[in-house]
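What follows is a short report on a single structure.
The values are calculated or read from the model by the stated rules, or taken from the named source; none is laboratory data. The shown structure was predicted, so the numbers you read here are calculated from the model rather than taken from an experiment. Please note: Cβ atoms are built from the backbone with ideal geometry, for glycine as well, and neighbour counts cover all protein chains shown. Heavy atoms of the whole protein, side chains included, go into the accessibility calculation; ligands, DNA and RNA do not. Shrake-Rupley method; radii C 1.70, N 1.55, O 1.52, S 1.80 Å.
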Amino acid sequence: MKPLIVVGGGIAGSSLAYFAARAGIQTILIDAGKHTASDVPSALINPVRGQNGHVVEGGLEGAQFTFALLDELQKQGFEVPHSRAGVYRPVPDEKTFLKWVKNLPEGYPHEWLDRAPLQTNLQDHWHKVLFLPVGGWVDGKAFCTALQEASKAQILRQTAVSIRPDGVVLQDQTFLQGTVVFCGGSHGATLAGFAGTHRRGSLLLLNDTLSPLPVSFGIYATPSRKGGVLGSTFETPSTECRPYGLPLSSLSWLMEKARLTFKTLQPDLSGVWTGVRYSGATLPEDLLTLTALGSKGFLLGPKLARDRVEQTLIPLLHQ
Ligand SMILES: Cc1cc2nc3c(=O)[nH]c(=O)nc-3n(C[C@H](O)[C@H](O)[C@H](O)COP(=O)(O)OP(=O)(O)OC[C@H]3O[C@@H](n4cnc5c(N)ncnc54)[C@H](O)[C@@H]3O)c2cc1C
């Protein structure tokens, strides 16, 4: 049987390698480790998105799957900092509230609060607060590292300079033959010349958390392993991965939004993290892919990876 070659070691590629190796498929994961969006220090796991309260299809199942996977890793001795205490989504006015109410399917687990719980540190002006009990946050890098180690896949810290459905050429010109799945995210799509939308976003890294419970509306604040983060993906979309440059004007926008959102704001900054997310991709039809997860990598990535292994890779590789 030819090996499976996974290009990219973010949440998509690491999850794919984990489930493939667990299914007995010989797996090689190639990861350049550059501009990895999944290195995000704290990612929200949130199934109701954006400022229009869009309910992500499969988001609830995706979130439950991600938390079950974190439990599975913990049983194997991997400690990935995370929380599943739910997510708080404040809405500013009655119009937005009514729109969000309409979006929520019957039986969807949620609760509307008339006042923000004290611990969220939210300002009093918020109209109502949606509490989603199936949600939380996770340390992205620790999650991917645990999946890679637990997978026991062969890991090559290199760049694949040419990617074909039946093999890749590495930067040292070695050709590796196998069934390739492209999970290269924004950096990989730019290297390979695949079209799509790339959006940079930044997080302020805080020594303490602004809210011990994850909060999101336009911006998000969550705890993290080292304290907390305050962030958003608000840069102008681009046609390629542009990871460089300190986004100063955007950071002042972020601070202004945070001032309007939270009661007390004395951020004790320890740094800034910037990443680029990838969505709206046009990918070669003959290449297997799991990419362009936009801002939902940790919500949907692990479950999509498991489904891809069961529905496509096992039948294909065991032919
Ligand atoms: C500021 C910000 C905040 C975010 N917040 C959230 C959030 O709250 N919740 C959430 O779910 N998601 C969030 N995301 C999005 C999430 O991070 C992405 O959806 C997800 O990380 C994408 O994962 P990926 O595996 O597809 O790609 P990536 O994580 O980018 O991984 C791709 C990897 O492949 C490697 N690679 C690419 N090409 C090659 C090649 N040719 N050879 C070898 N290696 C290669 C890259 O170097 C990289 O390491 C956020 C993103 C940003 C930028």
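Some values worked out for this structure:
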read-out	value
Where the Cα pairs of segment 167-319 fall when distances are cut into 5 Å bins, in %	2, 8, 15, 16, 15, 14, 11, 8, 6, 3, 1, 0, 0
Heavy-atom surface of the chain, accessible at 1.4 Å and reported per residue (Å²)	45 Å²
Reachable lysines from Lys141, criterion Cα separation under 26 angstrom, eight or more residues apart if same chain	Lys34, Lys75, Lys152, Lys226, Lys296, Lys303
Loop-resident sites, segment 1-107, for GluC sites (Glu not before Pro), counting at most 16 other Cβ within 10 Å (DSSP)	Glu57, Glu79, Glu106
Where Rh is the Kirkwood radius over Cα pairs, Rg/Rh for segment 4-317	0.98
Hydrodynamic radius of segment 70-169 per Kirkwood, over alpha carbon pairs, in Å	17.5 Å
Unit Cα scatterers, Debye sum, segment 212-299: log10 I(q)/I(0) for q = 0.10, 0.12, 0.18, 0.22 Å⁻¹	-0.34, -0.47, -0.94, -1.26
Amide proton proximity set for Ser270, modelled H, under 5 Å, gap of 5+	Leu205, Leu206, Asn207
Beta bridges per DSSP with both ends in the chain, % antiparallel, nearest 5	75 percent
Charge-dipole axis of the chain as Lys and Arg at +1 and Asp and Glu at -1 on Cβ define it, positive-most pick from Leu283, Pro109, Trp253	Trp253
When the convex hull of its Cα atoms is projected in every direction, mean area for segment 1-129 (nm²)	10.8 nm²
Value of [θ]222 nm, deg cm²/dmol, for the chain, DSSP H segments ≥ 4, -39500 (n - 2.57) each, nearest 500	-8500 deg cm²/dmol
About the Cα centre, charge dipole magnitude for the chain (Lys/Arg +1, Asp/Glu -1 at Cβ), debye	240 debye
Centroid-to-centroid separation of segment 171-239 and segment 263-313 [C-alpha atoms, Å]	7 Å
For the chain, with +1 on Lys and Arg beta carbons and -1 on Asp and Glu, the positive-most of Gly201, Ser162, Ile45 along the dipole	Gly201
Interatomic Cα distance distribution for segment 65-125, bins of 10 angstrom, percent	16, 35, 28, 18, 3
